[in-house]
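Peer 1: My questions all concern the structure below.
The numbers here are math on the coordinates, done by the rules we state, and not lab data. From a predicted model like this one, the values you see are computed outputs, not experimental measurements. Cβ: placed from backbone, ideal geometry, glycine included. Neighbour counts: every protein chain shown.
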Amino acid sequence: MKYTDFDQLPLLLTVKQLAAVLSISLHTAYDLVRSNHIESKRVGTQYRIPKESLKQYLDT
């Protein structure tokens, strides 16, 4: 799905969605999450990125 507005984003994004929103590679998205540049939560073996964490990252 193409998001055209921040309000359209789900409350929790997957790393794949994060990569699509930022127009970056999946590898780079994982690097941002693993380095804690973008705050994330672990759900089992998967990462979930709160929408507000993305906003904070973009505001810095």
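Peer 1: For each of Tyr47, Tyr57, count neighbouring Cβ atoms within 10 Å of the residue's Cβ, then give the residues from fewest to most. Don't skip to the answer; put the middle values down first.
Peer 2: On the way: Tyr47 19, Tyr57 15.
Going from sparsest to densest Cβ surroundings: Tyr57, Tyr47.
Peer 1: Still on this structure: Using the Cβ atoms and a cut-off under 15 Å, what net charge is assigned to the surroundings of Thr28, where Lys and Arg are +1 and Asp and Glu are -1?
Peer 2: Every neighbour counted, the sum reads +1.
Peer 1: Suppose R0 equals 25 Å. What FRET efficiency, 1/(1 + (r/R0)^6) with r the Cβ-Cβ distance, do Gln8 and Leu58 give to the nearest 0.05?
Peer 2: 0.95
Peer 1: In what order do Ser23, Ser53, Ser40 fall by count of nearby beta-carbon atoms within 10 Å, going from fewest to most?
Peer 2: Result, fewest neighbours first: Ser23, Ser53, Ser40.
Peer 1: By count of other Cβ within 10 Å, fewest leading, how are His27, His37 ordered?
Peer 2: His27, His37
Peer 1: Divide by every residue of the chain the summed helix terms, -39500 (n - 2.57) for each DSSP H run of at least 4, and state the resulting mean residue ellipticity at 222 nm, rounded to the nearest 500 deg cm²/dmol.
Peer 2: Rounded to the nearest 500, it is -12000 deg cm²/dmol.
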